Amino acid sequence: MANREINRKILWVDDEIDQLQAHILFLTERGFQVAQASNGDDAVELVHEEDFDLVLLDEMMPGKDGLTTLEEIKELRPSLPVVMVTKSEEEHIMEQAIGKKINDYLTKPVNPSQILSVTKKILDSKKIMSDHLTQQYIKDFNRISMMLSGPMNWKDWLDLGLTLAKRDIEVENFPDLDMKQTLHGQNKECNNEFARYIERNYPAWLKSDDRPTLSVDIVRKYVAPLMMEDSFPVVFIVIDCMRLDQWLVIEELLSEYFNISKDLYFSILPTATPFSRNSIFSGLFPDDFTKVMPEPWGGSEEGSLNRFERDLLSQQLKRLNLQSKSESKYVKVLEQSEGDNILKRLDSYLNKPLLSIVYNFIDNLAHGRSESEILQEIAPDEAAFRSLMKSWFLHSPLFSILRELSSRQCSVVITTDHGSVLGTKGTVAYGRRDTSTNLRYKYGDNLNCDTKHAIMVKDPSLYKLPYFTGHTTYIFAREDYYFIYPTKFNEYQRYFQNSFQHGGISIEEMILPVVQLKPKRI
């Protein structure tokens, strides 16, 4: 550690610097170089002439005071960390210093251990945290490996999904972490075991009351109780194609405005909008909601298969004995102007007992990335895509809508219909020309595939999926595989490689957040 700190240079500015020699000696013995200044003018000159890693700055000095000195130092070196040391405990002094972007402050008298602590916190926090996380990840790696080797239930998988999502976000902040490749490999191992678990257990879930929360349960379990209990409007937001890790970065931004209660649930199969989102709004599995559609379902373009969400939701609310409250407002947002319109008309929308909003941006971004070389360069992996999504959210009408809702008497439920996975490996699918075109799942007559890479469902009724003919078969890609027909296999494999896809079986696609938000300001 001493070798790392030997070049760390600290500038200590205090008009009583001679009385601080014991403190300075304490830092010097620990490998720091400490330059000294007894007034603000000398401090500014030293900062102009030399490179420092940290400034310890007295707030009360004759002549040029600490706040003025701070301002001039920041003009010369905006990113230079400064710790204000002050005798005053007056709140306005601290607020002024914080407003001028100090990194920390200490109140006199200070002891050597306080100085060392704040110095290490500012200069070495990244390395200390990285070392700590490495040790923690080794423990977690071994714990997860033990979990995978033994029997796991659906609660274990939800916990593991959350652990992996949090870990991915933490790792993103430490680019030099040596364990990245190892952890990535374990994520793949988890998805391999998860696919096996789903293959063994998913059909049984659909026949049992003792099962995890699925897409069909969301409105009944989270939205309807709020409509029954509260006299205030309920806002139900479905963000299409939002992964759990993506929600976690949004959650950080919303925690200032809301008290947040988060649960996890499993998307139904296939993890694709026509199936999973229709299940959310209808409260029915696909084999049932396709029977109550106003028009025949299936065989048309995917984008048209979610036209009846408003009707399906209305029918579900009636089944839940919310007839008197079944009148609701439903809005689908496909572009920014539609989000801006919701914000302008929010007051009138909140006159309804339920406002349902479907927000399509993340799904559009994932599909758009596949077509755009620029977006692929900006977001080459999950971490970069998550950062891009966060940037969008910060400047989106959706964030503005939620901030506005935080000052209203209402309850907010946010969820998603499915996540996505970064497809890296192509696998052959065999089928007729009228087979569905999706990359992570397909349905059609007498499909075939490599069952090491996919799950084949020859009896759709076991998965509560609709038949379109007497020979309808479904296939779901495992892990990060995607389907390609034998014709031009290599060409299409290169084209779709490293694109975000959904519809198959992975932790990222199936383990999803459902969140209740209560405004803090009310």
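The values are calculated or read from the model by the stated rules, or taken from the named source; none is laboratory data. The structure displayed is predicted, hence computed values, not measured ones. Note that each Cβ is placed from the backbone with ideal geometry, even for glycine, and that neighbours are counted across all protein chains shown.
Below is a table of values for the structure above.
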| item | result |
| --- | --- |
| Members of region 160-191 that are over 11 Å from TYR137 (Cβ atoms) and loosely packed, with under 15 Cβ neighbours inside 10 Å | LYS166, ASN173, PRO175, ASP176, GLN181, HIS184, GLY185, LYS188, GLU189 |
| Lone unmet requirement of (1) buried (at least 18 other Cβ atoms within 10 Å of the Cβ); (2) of a type in the set (A, V, I, L, M); (3) at pLDDT below 90 for MET129 | (1) |
| Enumeration of residues in region 322-363 that are small (Gly, Ala, Ser), over 22 Å from the mean Cα position of the chain (by Cα) and over 26 Å from GLY283 (Cβ atoms) | SER337, SER348 |
| Residue within region 150-170 that is at pLDDT 85 or above and more than 30 Å from PHE275 (Cα to Cα) present | yes |
| ASP434 being in a loop (DSSP other than H, G, I, E, B), among the acidic types (Asp, Glu) and surrounded by 24 or more Cβ atoms within 10 Å (Cβ to Cβ) | no |
| Test: residue in region 150-160 that is under 25 Å from GLU199 (Cβ atoms), charged (D, E, K, R), in contact (Cβ under 8 Å) with a residue 40 or more places away in the chain and part of a helix (DSSP H, G or I) | yes |
| Cβ-Cβ under 9 Å pairs, at least 6 apart or on other chains, region 191-204 side not assigned by TED's automatic domain parsing to the domain that holds MET456, far side hydroxyl-bearing (Ser, Thr, Tyr) and outside any helix (DSSP H, G or I) | ASN191/SER506; PHE194/SER506; ALA195/SER506 |
| Wholly within region 235-337, helices (runs of 4 or more DSSP H) carrying at least 1 residues that are within 17 Å of PRO513 (Cα to Cα) and in contact (Cβ under 8 Å) with a residue 24 or more places away in the chain | 244-254, 273-282 |
| Unmet requirement for LEU106, which otherwise passes all of (1) outside the structural domain of ALA22 (by TED's automatic domain parsing); (2) farther than 24 Å from ASP263 by Cβ | (1) |
| Answer residue from region 457-510, given it is modelled with pLDDT under 95 and small (Gly, Ala, Ser) and is nearest to the chain's Cα centre (by Cα) among those | SER499 |
| Qualifying residue in region 81-100 (condition: exposed (fewer than 15 other Cβ atoms within 10 Å of the Cβ), at pLDDT 90 or above and assigned by TED's automatic domain parsing to the domain that holds ILE24) | no |
| Count of region 198-216 residues which are hydroxyl-bearing (Ser, Thr, Tyr), at pLDDT 95 or above and surrounded by fewer than 18 Cβ atoms within 10 Å (Cβ to Cβ) | 0 |
| Any hit, region 435-448, residues being among the β-branched types (Val, Ile, Thr) and farther than 29 Å from GLY185 by Cβ | yes |
| Residue match in region 206-220 (condition: out of contact with any strand residue (DSSP E or B) (no Cβ under 9 Å at 6 or more places or on another chain), free of Cβ contacts under 8 Å to residues at least 12 places away in the same chain and in a helix (DSSP H, G or I)) | no |
| Residues of region 490-522 satisfying the condition of being in contact with a strand residue (DSSP E or B) (Cβ under 8 Å, 6 or more places away or on another chain) and assigned to a helix (DSSP H, G or I) | TYR492, GLN493, PHE496, GLU508, GLU509, MET510 |
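Residues are listed down the side, and each one gets a yes or a no for (1) buried (at least 19 other Cβ atoms within 10 Å of the Cβ); (2) polar (S, T, N, Q); (3) within 21 Å of TYR105 (Cβ to Cβ); (4) in contact with a Leu (Cβ under 8 Å, 6 or more places away or on another chain):
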{"site": "ASP14", "(1), (2), (3), (4)": "yes, no, yes, yes"}
{"site": "GLY31", "(1), (2), (3), (4)": "no, no, no, no"}
{"site": "ALA35", "(1), (2), (3), (4)": "no, no, yes, yes"}
{"site": "ASP53", "(1), (2), (3), (4)": "no, no, yes, yes"}
{"site": "ASP58", "(1), (2), (3), (4)": "yes, no, yes, no"}
{"site": "LYS64", "(1), (2), (3), (4)": "no, no, yes, no"}
{"site": "THR69", "(1), (2), (3), (4)": "yes, yes, yes, yes"}
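One line per residue, one yes/no per condition, for (1) in contact with an Asp or Glu (Cβ under 9 Å, 6 or more places away or on another chain); (2) more than 30 Å from GLN497 (Cβ to Cβ); (3) not assigned by TED's automatic domain parsing to the domain that holds GLU170:
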{"residue": "ASN360", "(1), (2), (3)": "yes, no, yes"}
{"residue": "PHE393", "(1), (2), (3)": "no, no, yes"}
{"residue": "LEU398", "(1), (2), (3)": "no, yes, yes"}
{"residue": "ILE401", "(1), (2), (3)": "no, yes, yes"}
{"residue": "TYR430", "(1), (2), (3)": "no, no, yes"}
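Quick grid of which residues meet (1) free of Cβ contacts under 8 Å to residues at least 60 places away in the same chain; (2) assigned by TED's automatic domain parsing to the domain that holds GLU371; (3) surrounded by fewer than 24 Cβ atoms within 10 Å (Cβ to Cβ):
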{"position": "GLY444", "(1), (2), (3)": "yes, no, yes"}
{"position": "HIS453", "(1), (2), (3)": "yes, no, yes"}
{"position": "LEU462", "(1), (2), (3)": "no, no, yes"}
{"position": "PRO466", "(1), (2), (3)": "no, no, yes"}
{"position": "ALA477", "(1), (2), (3)": "yes, no, no"}
{"position": "PHE483", "(1), (2), (3)": "yes, no, no"}
{"position": "THR487", "(1), (2), (3)": "yes, no, yes"}
{"position": "ASN490", "(1), (2), (3)": "yes, no, yes"}
{"position": "VAL514", "(1), (2), (3)": "no, yes, yes"}
